[in-house]
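First the structure, in the form of structure tokens, and then the observations on it.
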Amino acid sequence: MHPYTNYFTVSDAYYHSDKILLEKIIQDLEKSSSTDKTDDILIVKGWLESLKEDEEEPDIEVRNALKDRVFNIPDLNKEKLTLFCNFMDFYDLDSNVMIARKAINKFISSNETEIQEVLLAMLANLLCLSIKEDNYNYVEYLVTSSEKLPLKPQFFFYKDMICFYKYLSSYHFNHNKDDLNTCLTIISNVKLAGMSEYGSELEKFLNNHI
């Protein structure tokens, strides 16, 4: 793999909403002489696509190519689960829930840290997508599933995001100010940790769903 496309560089650009860096990574890949760059380019384009606002024109070709890649992996293994988790927003909610239920049933008792981490990321993503579509039918199931997974230091961010969506959902039904204040505290902590762009996106999400 091209050294510029290691997972941490790309994910860091994504969590900082750095579209310019992602575009530069794609350009560098396209210029490289690597023989296996096609998949790398597709994945980075997928991260860039994930940063698009709702009103922006989607790249259907990229989205469908990534969905094909997920379904072309025959077994529900860690590779398939990770790829699915990264690009869940390209699927409709019912498809996401169907795949997520299969993953939860298969892996919820796993003691493998990497599998547990991907499951938590998937649950956080699905909570976000459910609230975005004003569908709260799955919130309790998703939160309860997340609570079956342990809290390890490397899981803190995902556990924090699940808490954010849990309390935002609670506020939706009860309008309890304590729930809203908890969400605001989580946003502040995300910003203090250095993820100011991601915190601002969370803040925007909160304002759109209260």
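Side notes on the structure shown:
- Accessible area per residue for the range 17-128, computed on protein heavy atoms with a 1.4 Å probe, is 52 Å².
- Dividing the summed -39500 (n - 2.57) terms of all DSSP H runs of n ≥ 4 by the residue count of the chain sets its mean residue ellipticity at 222 nm at -22500 deg cm²/dmol.
- Overall, the anisotropy analysis places the range 103-190 in the oblate class: the square-rooted eigenvalues a ≥ b ≥ c of its C-alpha gyration tensor yield a/c not less than 1.5, with a/b not exceeding b/c.
- Accessible carbon and sulfur surface of the range 124-174 relative to its total accessible area, %, 1.4 Å: 51
- Projected label distance in nm at HIS209 and GLN154, using a 7 Å step from Cα toward the beta-carbon: 2.7
- When each of LYS67/LYS204; LYS78/LYS166; LYS102/LYS166; LYS37/LYS152; LYS67/LYS177 is checked by Cα-Cα distance, pairs over 30 Å: LYS37/LYS152; LYS67/LYS177
The values are calculated or read from the model by the stated rules, or taken from the named source; none is laboratory data. Being a predicted model, the structure only gives us computed values, none of them experimental. Virtual Cβ from ideal backbone geometry, glycine too; neighbours counted across all protein chains shown. When the accessible area is computed, the model is the full protein with side chains, heavy atoms only, and any ligands, DNA or RNA have been set aside. Shrake-Rupley method; radii C 1.70, N 1.55, O 1.52, S 1.80 Å.
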